[in-house]
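Data block below; observations after.
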Number of protein chains: 2
Amino acid sequence: MDYIKIPMDIEKRSFEIIGQEMGEHKYSPRELSIIKRVIHTTADFDYRNILYIRDGAIDAAVELLKKGVTIYTDTKMALAGINKKALKDLNCNALCFVSDENVAEIAKARHITRSMAAVEKAVEDGVEFFIFGNAPTALFRLKELIEEGKCNAKFIIATPIGFVGAAESKIEIEKLDIPMIVVRGRKGGSTVAASILNALMYMIVDRG
Amino acid sequence: MDYIKIPMDIEKRSFEIIGQEMGEHKYSPRELSIIKRVIHTTADFDYRNILYIRDGAIDAAVELLKKGVTIYTDTKMALAGINKKALKDLNCNALCFVSDENVAEIAKARHITRSMAAVEKAVEDGVEFFIFGNAPTALFRLKELIEEGKCNAKFIIATPIGFVGAAESKIEIEKLDIPMIVVRGRKGGSTVAASILNALMYMIVDRG
């Protein structure tokens, strides 16, 4: 069978197709690199309508990434989707606590989700850069911790997906005056969260 | 803030909402459990139209899972999304070779994708149960290996996503007379692949 076998050719051709099908838009080049990567990840052009990039959010993220920041992720799937070479080249690291044994114990004892216990742990550890691909409860909890003055979040990717709480959790987090990139409504997910981070990292380092 | 914090309640309520919004359908209960879980994972009702469950595919998958099978996954994200407790309860294991060093070396030397080299390794190891969430090239390669008589695939989940080769790779694999579940067209992805496997496992064991 005849099919393209070179990864870089596949990605290049995919982005060309996405560009052709997107048609007219008002995105800046950096915004466009994010939206195109999200569509590349989802094959869903609906993201043109639901991806919200707050003014200044890209600058804030890039500044943090250049400094070498610790990134909290709410799921192992989001963590798996992050480009580890780019992360390493930036001297950043990404953590996920959701499967930690003590997080599971705390969640069980307090009748909260593991995602909530995990974000509490991240906040205790002083994390400032957050990625939520799946867990609305963690995003709700982060908002509470920020409002209680316990967390100095400097950048948030908020793309929880689903039918219970996802859209609501993103409406709530948008009320905060913090640089953020959000997928509004029900859609999003861990692949989307990772692709947004990757797009931000590729503004600074090669994807390798 | 007032939000549901009990994971099982969130999932139950999500499935209720999905059921309400799905409306009329012709799915069997087991098919319905798969389609609902995929919609739960994607927040995208389009999967009603593009998820293809071949007659006998669920029986074939359940039989293999009950025997304790080795499952090949094309991405670490799909691997991360598989319920490990259910996998363990079934004495199954899931592998992903895409990040193996020797796979990267082979891919580089032969100018093929790492996903292709990885699926070749799985076939050499005698794997019979395959999950493709991302890599069309691996699915094309699997079809070639099956046609060459080198692989005895007994069940395939084929949900590669994207703009170059994804839809085509799924059209090709559907030509084979093997039990399979396919997301037709461009959509799919590693989260979808994992959710289909999880739905199949939950037909036999508790999700825990």
May I ask for the angle, rounded to the nearest 10°, between helix B:7-22 and the longest principal axis of chain B, with both axes built from Cα atoms and the value confined to 0 to 90°? 90
Carbon plus sulfur fraction of accessible area for segment B:16-91, probe 1.4 Å, in percent: 47
Which angle between 0 and 90 degrees, to the nearest 10, do you get for helix A:29-42 versus the longest principal axis of chain A when only C-alpha atoms count? 80
DSSP bridge orientation in chain A - percent antiparallel, rounded to nearest 5: 20
Among chain A residues, which Cβ is nearest the axis of the A-onto-B rotation, and at how many Å? A:Ala80, 2
Debye intensity ratio I(q)/I(0), log10, segment A:1-158, q values 0.13, 0.14 Å⁻¹ (C-alpha model): -0.73, -0.83
For segment A:150-208, which GluC sites (Glu not before Pro) are in a loop by DSSP, counting at most 13 other Cβ atoms within 10 Å? none
What is the sum of charges around A:Lys85, taking Lys and Arg as +1, Asp and Glu as -1, for the other residues whose C-beta is under 10 Å from the C-beta of A:Lys85? +1
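What is the percent carbon and sulfur in the accessible area of segment B:96-208, measuring with a 1.4 Å probe over the protein chains and ignoring ligands?
Working: 1830 of 4110 Å².
Roughly 45 percent, rounded to a whole number.
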Nm distances between the label at A:Asp206 and the same-position labels in the remaining copies, 7 Å along Cα→Cβ, shortest first? 5.2
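Kirkwood hydrodynamic radius, computed over distinct alpha-carbon pairs, for segment B:120-191: how many Å, to one decimal?
11.8
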If you take every DSSP beta bridge fully contained in the protein assembly as shown, what fraction is antiparallel? Give it as a percent rounded to 5. 20
With the contact rule set at Cα under 8 Å and sequence spacing of 6 or more, what percent relative contact order holds for chain A? 25
0 to 90° range, to nearest 10: angle between helix B:190-201 axis and chain B longest Cα axis: 70
Separation between the A:Leu176 and A:Glu148 pseudo-spin-labels, each 7 Å from Cα along Cα→Cβ, expressed in nm? 1.3
So, in nm and shortest first, the distances from B:Gly19 to its counterparts in the other copies, with label points 7 Å along Cα→Cβ, work out as 4.8
Probe of 1.4 angstrom, ligands and nucleic acids ignored: what's the accessible area per residue over segment A:49-201, in square angstrom? 38
Could you please state, rounded to a whole Å, how far the C-alpha centre of segment B:62-91 is from the C-alpha centre of segment A:37-96? 28
Would you list which aspartates and glutamates come within 19 Å of A:Lys67, measuring only between C-alpha atoms, while excluding same-chain residues fewer than 8 positions from it? A:Asp59, A:Asp89, A:Asp125, A:Glu128, A:Asp206
Nearest-0.05 FRET efficiency for A:Lys84 and B:Glu63, computed from C-beta distance (R0 35 Å): 0.40
Output row, site B:Arg13, 7 Å Cα→C-beta label point, backbone N cut-off 18 Å, window segment A:85-122, residues A:111-117
Quick one: Cα centre-to-centre distance for segment B:140-208 and segment A:119-174, in angstrom? 34
Measure up A:Lys5/B:Lys143; B:Lys66/B:Lys154; B:Lys66/B:Lys143; B:Lys12/B:Lys36; B:Lys84/B:Lys187; B:Lys88/B:Lys154 against 19 Å on the Cα-Cα distance and list the ones that go over. B:Lys66/B:Lys143; B:Lys84/B:Lys187; B:Lys88/B:Lys154
Just to be sure I understand the model, the point goes 7 Å from the Cα along the line to the Cβ. What's the resulting A:Arg207 to B:Met22 distance in nm? 3.5
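The values are calculated or read from the model by the stated rules, or taken from the named source; none is laboratory data. Small disclaimer: the values here were computed from a predicted structure and weren't measured. Cβ: placed from backbone, ideal geometry, glycine included. Neighbour counts: every protein chain shown. Accessible surface areas use protein heavy atoms only, side chains included; no ligands, DNA or RNA. Shrake-Rupley method; radii C 1.70, N 1.55, O 1.52, S 1.80 Å.
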